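Single-structure report; data block below.
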Amino acid sequence: MKKTLIEIENVSFQYDYTQVLKNISFRVEEGDFLALLGPNGSGKSTLLKIILGLLKPMSGDIKLFGEASATFKHREWIGYVSQKSNAFNSGFPATVQEVVKSGLTKKLGLFKRPPRDAKAKVQEALQAVGMEDFMNRNIGELSGGQQQRVFIARALVSEPSLLILDEPTVGIDHENVQSFYDMLAKLNREQGITMILVTHDVDTVSNRISHVACLNQTIHFHGYKNEFDTISQDALDAWYGHSVRKIH
């Protein structure tokens with residue numbers, strides 16, 4: 001039986017007098033590859049911050065790996081990759097292996113020495129994303145797609161069970177988006193890493209994902225990807241609040 005890694009029940013949140021999330025309920029189970037869809041301002045980033053423990057919901061309950069979020073101590077089980085442009089100064093003078101190695105602080109703590117096998121862990125993480133040949137390159141010398149692979153390796157080095165990616169293909173040229181999503185699918189399939197992917201490219205990633213959740217203040221749909229494919233255009237437009245184009 002699959003474990004439930006994230007369980008959200010009737011979660012609501014508001015900034016001042018603006019309600020962002022209203023009675024959100026859904027689950028993410030072990031091995032899922034979930035695409036989280038929604039227009040700008042739909043509450044996707046707020047929901048991620050609540051899952052990551054950066055915000056507390058106004059009401060409702062959240063369980064992570066079967067434990068209440070408020071008492072959950074194993075944040076290293078959850079890896080997070082944000083949009084590159086907002087997450088890292090690519091001009092910072094650090095090598096690829098130094099960037100990836102910094103991901104171990106989440107598991108060890110800021111002032112503890114890295115383990116003796118730290119270099120091997122860094123190599124394994126880079127190998128998983130196809131960047132092992134770039135270990136000694138400066139992070140600023142890499143393309144946008146290569147940098148994002150390094151940031152994913154940085155998240156993987158602490159050996160998370162769940163990986164959350166917030167529009168990770170921003171800044172990646174179109175030619176490399178397919179190979180980037182192939183890499184994510186391989187991590188999900190071969191390493192069993194559960195994934196939540198915030199994206200607008202559901203047509204591009206559709207043959208890799210297992211589930212879809214449509215969010216616009218509340219969850220309008222959550223289910224298998226093949227069920228999402230049967231949704232009418234009118235229903236999709238109503239959820240988004242404007243006309244959208246659904247591509248197969």
Candidates Leu34, Leu21 - the one that is under 16 Å from the mean Cα position of the chain (by Cα), surrounded by 14 or more Cβ atoms within 10 Å (Cβ to Cβ) and in contact (Cβ under 8 Å) with a residue 24 or more places away in the chain
Leu34
Show me the helices (runs of 4 or more DSSP H) found entirely inside the range 151-238 where at least 3 residues are within 22 Å of Ser82 (Cβ to Cβ) and within 17 Å of the chain's Cα centre (by Cα).
174-190, 202-205
Regarding the range 29-41, can at least one residue be identified that is in a loop (DSSP other than H, G, I, E, B), farther than 16 Å from Ile219 by Cβ and in contact with a Phe, Trp or Tyr (Cβ under 8 Å, 6 or more places away or on another chain)?
no
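None of the figures in this text is laboratory data; all of them are computed from the coordinates on show. Keep in mind the model is a prediction, meaning the values are calculated, not measured. Using ideal geometry, Cβ is built from the backbone for each residue, glycine included, and neighbour counts are taken over all protein chains shown.
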